[in-house]
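Here's the structure we're looking at; comments come further down.
The values are calculated or read from the model by the stated rules, or taken from the named source; none is laboratory data. Computed from a predicted model, the values in this text were never measured in an experiment. Heads up, the Cβs are rebuilt from the backbone with ideal geometry, glycines too, and the neighbour counts pull from every protein chain shown. Just the protein is used for accessible areas: all its heavy atoms, side chains included, with ligands, DNA and RNA removed. Shrake-Rupley method; radii C 1.70, N 1.55, O 1.52, S 1.80 Å.
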Amino acid sequence: MQAALQQLATSTAKDRAPQYRQALEAALQASAALAAVVEDVKHFVSHAVLESLGIVLSRQLLLDFAALFAEWARDKTDADVVGAAADGNREAIKGVWQFALDKMSARAVAFEEQISQVREHLAAVLEEEEEWTLAAKVLQDIPLDSGHRAITGDYKLRIYIQIVRLLLEDEDAVTAEAYLNRAALLLPESKDIVMQLQFRACQARMLDFRRSFLKAASKYLELSYVVEMHDSERINALVQAVTCTVLAGAGPQRTRMLATLYKDERVRERPELKQGGVFAILEKMFLGRVLRSSEVQEFAATLKPHQLARLGDDMTVLDRAVIEHNLLSASTLYNNISFQELGGLLAISPEQAERVATKMMGENRLSGTVDQIDQLIYFTSSQVLPTWDTHVAGVCYQLDGIIDAIKEKHPEWVAAVLAR
């Protein structure tokens, strides 16, 4: 490779770029060992950044390197290459991309476009290794606000969204939010449907991380109806909508969201919602039934780490949601209850039971009064009609399920009845 490059450097040919490209293609297609190919590619990069070649030729050579080496790298790390061989190839490829960045860094202003492409390829390798934060940092260093080249809004938007997605994988919601805000400024100008959907998905995840569960559930539910998304992605969004609704604080808004999801036929029919007790806990919450610890533990196994983080009172978000739900359920069964008995029902101390009830009453999520002298909580029935409507709706939905089961077992009979 070195001899070929020296010969081309001294050549008087007017257009040497195609010849350099052919030399690089020959090196990549050679049946030599991986180390030999990597060494040849590094020689090519070192040669391409020489000032003696001229800026125009150097830029073209580096663009050719990025395109050809990326294609070669994909073949070396595809699904057919597994085990130690794939890991070794990936390390070598990562080393070449990093070597190219180091070589171009001395003339970063001249090679901004080439550096951006190499950074994207390096980030892709790190993403495959699930090094989310490192991949995000590589993309963060792409010069997007430079005045030395024209950068489209769609390109900036794509990079920002990719950074957000990578940071959220490592649960760095603070940094991710800063880049999501940058992307939001560019979104109105974009006509790319894919990027708009990716932005909405990141927005929903961000609300989830910030524990704005009802808003997140609403965003996830919207995504579950988008026909441009793959069916598996829509169902995953629906599962997340149910999860966020369950984790939300008890109250009228969550009750409305529970009703919306419970009415959705996909929630009752898709097997993905049956796994981990997702539908079971949604149904019990919608019908106002007390949740058992075994059901809660089964559902907790489906949650992500940030959804299991402990709050200031040493309870998880799920613990708080279940306690508040069970307290609402108790308010439909009792006219009054002592702190001691309520604590036993909710599996918490009497003092905690009092604090939870007082907080919910203060936020108008529970109707009642607290008698601290007698240590009693009195529930009022200001929501009798909505509760009655909820129970009637529950019966109707269960009846629909029975009718669907009859249709599956006796389709001829149903057809005959409907034909009358």
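Listed values, structure above:
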| quantity | calculated |
| --- | --- |
| Additional length obtainable on full extension of the chain from Ala150 to Lys407, 0.36 nm per residue less Cα span | 86.4 nm |
| Choice from Gln198, Gln307, Gln340 with maximal GNM fluctuation in the chain (Cα, 10 Å cutoff) | Gln340 |
| Near-label residues of region 121-159 by backbone N, under 14 Å of a point 7 Å along Cα→Cβ of Lys191 | 153-154 |
| Dipole in debye (nearest 20) - the chain, about Cα centre, beta carbon charges: Lys, Arg +1; Asp, Glu -1 | 780 debye |
| Extreme residue, positive dipole direction of region 226-359, given options Pro252, Leu273, Gly344 (C-beta unit charges) | Pro252 |
| Extension gain (nm, one decimal) between Ser46 and Asp141, 0.36 nm per residue minus Cα-Cα | 32.0 nm |
| Gaussian network model of the chain, springs between alpha carbon atoms under 10 Å - residue of Arg119, Arg205, Arg59 with greatest fluctuation | Arg59 |
| Inter-centroid distance (Cα atoms) of region 223-294 relative to region 32-76, Å | 51 Å |
| Unsatisfied cross-links (Cα-Cα over 26 Å) in the set Lys76/Lys103; Lys156/Lys304; Lys274/Lys359 | Lys156/Lys304; Lys274/Lys359 |
| Glu363-Leu311 pseudo-label distance in nm [points 7 Å out on the Cα-to-Cβ vector] | 0.6 nm |
| Average Cα contact separation per residue, region 294-420, under 8 Å, 6 or more apart, as relative contact order % | 14 percent |
| Contact order relative to length of the chain, as percent, for alpha carbon pairs under 8 angstrom and 6 or more apart | 7 percent |
| Per residue value of the accessible surface for the chain (all protein chains in place, 1.4 Å probe), Å² | 53 Å² |
